[in-house]
Amino acid sequence: MNVKAAHQIIIAGIFLTLVTLSLHPYLPKKTLDLLHNPSFSNYIFSTQNEQGEDLGFWIDQPQGVWGCKVTEQLNTNIYHTCSFSVWLAPTDSKGVNASTYSHLIVDIDYQGTNKQLRISLRNFNSHYSALEDTNSTKFHSVRADMSDLTSPLELRLDEFSVADWWLR
């Protein structure tokens with residue numbers, strides 16, 4: 001190959017690279033709807049009050065609308081929790097590889113007095129997780145200020161860190 005042909009190939013390669021880079025913002029973003037995906041299931045996990053009633057309840061399950069009735073009258077000697085979960089795995093041995101995603105967008109309408117919300121993700125790794133023990137998956141979490149939830153909040157996945165209690 002002569003020098004002129006080599007230069008033309010290099011220039012064409014640079015041109016194609018620049019065209020590709022300039023088109024990137026116009027390509028559709030890769031998204032995964034966690035709430036309205038028939039492959040996933042969502043559920044509420046909550047403790048009960050002193051009368052044996054669950055604190056969490058569905059308002060509209062297909063739309064992911066739920067509530068928690070946490071009142072001042074609850075026994076403070078008991079740890080009360082109310083959470084919403086999305087199960088991304090069709091089976092315990094198959095999940096979703098989220099390595100190609102960079103953000104999680106959270107859109108929550110909250111009414112209450114809490115100042116922060118903890119958002120958690122779980123990671124299965126065969127080095128420390130066991131299929132028969134769903135609590136063996138690693139918890140990663142981030143805290144969001146309620147004042148930031150007046151509109152959809154975009155959280156970078158690299159903002160999530162391993163929960164301190166999980167490391168013990």
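The values are calculated or read from the model by the stated rules, or taken from the named source; none is laboratory data. Computed from a predicted model, the values in this text were never measured in an experiment. Positions of Cβ are backbone-derived with ideal geometry, glycine not excepted, and every protein chain shown enters the neighbour counts.
Within the range 83-90, can one find any residue that is touching a helix residue (DSSP H, G or I) at 6+ places or on another chain (Cβ under 8 Å) and either touching a residue at least 24 places away in the same chain (Cβ under 8 Å) or not aromatic (Phe, Trp, Tyr) (or both)? So far as the range 83-90 goes, no, none of its residues is touching a helix residue (DSSP H, G or I) at 6+ places or on another chain (Cβ under 8 Å) and either touching a residue at least 24 places away in the same chain (Cβ under 8 Å) or not aromatic (Phe, Trp, Tyr) (or both). Pairs are defined by a Cβ separation below 6 Å, a sequence spacing of at least 6 or placement on different chains, a first member in the range 127-141 that is more than 16 Å from Trp87 (Cβ to Cβ), and a second member that is at pLDDT 80 or above and of a type in the set (Ser, Thr, Tyr); the pairs so defined are Ser141/Ser120. Among residues of the range 19-51 being assigned to a loop (DSSP other than H, G, I, E, B) and touching a Phe, Trp or Tyr at 6+ places or on another chain (Cβ under 8 Å), the one that is farthest from Lys69 (Cα to Cα) is Lys30.
Scanning the range 69-90 for residues that are at pLDDT below 80 and closer than 28 Å to Lys29 by Cβ yields a count of 2. In the range 52-61, the condition of being surrounded by 10 or more Cβ atoms within 10 Å (Cβ to Cβ), part of a loop (DSSP other than H, G, I, E, B), free of Cβ contacts under 8 Å to residues at least 24 places away in the same chain and not acidic (Asp, Glu) is met by no residue. Being over 20 Å from Ala144 (Cβ atoms), surrounded by fewer than 13 Cβ atoms within 10 Å (Cβ to Cβ) and modelled with pLDDT under 80 is true of Ser93.
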